[in-house]
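Notes to accompany the following structure.
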There are 2 protein chains.
Amino acid sequence: MKILALCGSLRVRSLSAGLLRAARALAPAGVDFRIFDRPGQLPLFNPDLEGAAPETVLSLWNAVTWADAIVIASPEYAHGVTGTMKNTLDWLVGHVPFAYKPVAVFNPSYQSHHADEALKETLRTMAADLIPEACVRIPVIGSRVDPDDIAASADFAPAIRSALQAVVAHVQRQSAGLHDRAE
Amino acid sequence: MKILALCGSLRVRSLSAGLLRAARALAPAGVDFRIFDRPGQLPLFNPDLEGAAPETVLSLWNAVTWADAIVIASPEYAHGVTGTMKNTLDWLVGHVPFAYKPVAVFNPSYQSHHADEALKETLRTMAADLIPEACVRIPVIGSRVDPDDIAASADFAPAIRSALQAVVAHVQRQSAGLHDRAE
């Protein structure tokens, strides 16, 4: 099973990125978990360029096409989705394989909700298949934890494992359903 | 009086950009109305870079510092603020002169409201001084109007003029208030 992670922060010491690296470390056996590592190199979305998309955009599109499911983690900036996160999604609105893709949104904050809700509204509008049991608050922000230590933290590892299991179960159910219909 | 316009779309034939060019053409006498023309060249916001901001970011900061008021127009992408618009604002969250700056938000759509509301929530969080009489829906989107003809349109010119007059009146009131307090 293939999971692609999208991060909404470019900060080196980003806790959202740390959370996604932790998810990669904790991914169940058999899961190929990759983090899209070039969100900061995407150009700002321009509909005029969709027909001649630059190489970084193609690499995003290929990664999304490759994935069975997507996991998103992003901070909130000024009560809104970060420009980086939304820019990544703006490039995916017209990318057909994104539609109906299972998506989990990890909210890394203790209390922020504006960006989390706006992000889900956008994802629903993009016809994402949001996985309710995997859209969870994993409040690493505000803690003193080191971004690189999240996977080892007894506070967070169980929640991350549980969310990833929910993603895997959802994709398996979906895949079984498709198989049934094909028979 | 100096007004800076920020656009949330990079499309050449953007109706939001057309609306702002129309506002420039219709600006009252004595108003220096400039459109920030490099939103697409801003890097994606990275807090790690705020201390050593690239030249395009400095030009944005200088333009905001220069302005007495700001006018914003942006489309809505997938029920959200565009990445381009939010990225511009992300670079301004930490730019002190943005706080308390009078801001007008023109909603160029007939029916979109998600992005307009999210944008205003972010602007309030950034301590912008939103001008209620100048935050108006001017629904050029959906019309057949040419972006370059908006200023000449009897359908839109009165609403644009009225909104700009509200911006001017607000800044004048504010400036008179400051003058009173200084005496």
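Some notes on this structure:
- Unit charges at the beta carbon, dipole of chain B: most positive-side option, B:L123, B:A53, B:C7: B:C7
- Percent breakdown of C-alpha pair distances by 20 Å bin, ordered from the shortest bin, for the protein assembly as shown: 29, 52, 18, 1, 0
- Counting only Cβ charges, +1 for Lys and Arg and -1 for Asp and Glu, the dipole size of the protein assembly as shown around its Cα centre is about 0 debye.
- Counted over chain A, the DSSP beta bridges are approximately 10% antiparallel.
- Around the amide H of B:A128, modelled in the peptide plane, lie the amide H atoms of B:Y100, all under 5 Å away and 5 or more residues distant in sequence or on another chain.
- About its Cα centre, the dipole of chain A is roughly 260 debye, where the only charges are +1 on Lys and Arg Cβ and -1 on Asp and Glu Cβ.
- With a 10 Å cut-off around each Cβ of B:42-51, the average count of Cβ atoms from other chains is 5.
- Mean partner shielding of peptide B:110-120, defined as the number of other chain Cβ atoms within 10 Å of each residue Cβ, is 2.
- Each residue in B:L130, A:L42 was given a count of other beta-carbon atoms within 10 angstrom of its own, and listing them fewest first yields B:L130, A:L42.
- Mean-position separation - Cα centroids, the stretch A:55-121 and the stretch B:41-103, in angstrom: 21
- For the stretch B:39-182, the residue among B:A176, B:M85, B:V140 whose Cα projects farthest onto the positive side of the dipole built from Cβ charges is B:A176.
- Taking only the C-alpha atoms of chain A, the Rg (one decimal) and the largest Cα-Cα distance, Dmax (whole number), read 15.8, 52 Å.
- With the cut-off at under 16 Å, measuring from each backbone N in the stretch B:100-115 to a point 7 Å along the Cα-to-Cβ line of B:A127 picks out B:100-103.
- Chain B - mean residue ellipticity at 222 nm from DSSP helices (-39,500 (n - 2.57) per run, n ≥ 4, rounded to 500): -12500 deg cm²/dmol
- Averaged over A:73-81, number of beta-carbon atoms from partner chains that fall within 10 Å: 6
- Low-density loop positions, GluC sites (Glu not before Pro), the stretch B:1-79 - DSSP coil, at most 12 other Cβ in 10 Å: none
- Beta bridge orientation in the protein assembly as shown: antiparallel %, DSSP, nearest 5: 10
- Contact order normalised by residue count of chain B, Cα under 8 Å, 6+ apart, percent: 27
- FRET efficiency for the pair A:D48 and A:A154, taken as 1/(1 + (r/R0)^6) with r the Cβ-Cβ distance and R0 = 35 Å, rounds to 0.10.
- Nearby lysines by direct alpha-carbon distance to A:K101 (threshold 20 angstrom, same-chain neighbours under 8 apart not counted): A:K2, A:K86, A:K120
- Virtual paramagnetic centre 7 Å along Cα→Cβ of B:S162, amide N under 20 Å, in the stretch B:72-105: B:72-74, B:103-105
Values quoted throughout were computed directly from the atomic coordinates according to the rules given, and no laboratory measurement underlies them. Since we're looking at a predicted model, the values are computed, not measured. Here Cβ is always computed from backbone atoms with ideal geometry, including for glycine, and neighbour counts include all displayed protein chains.
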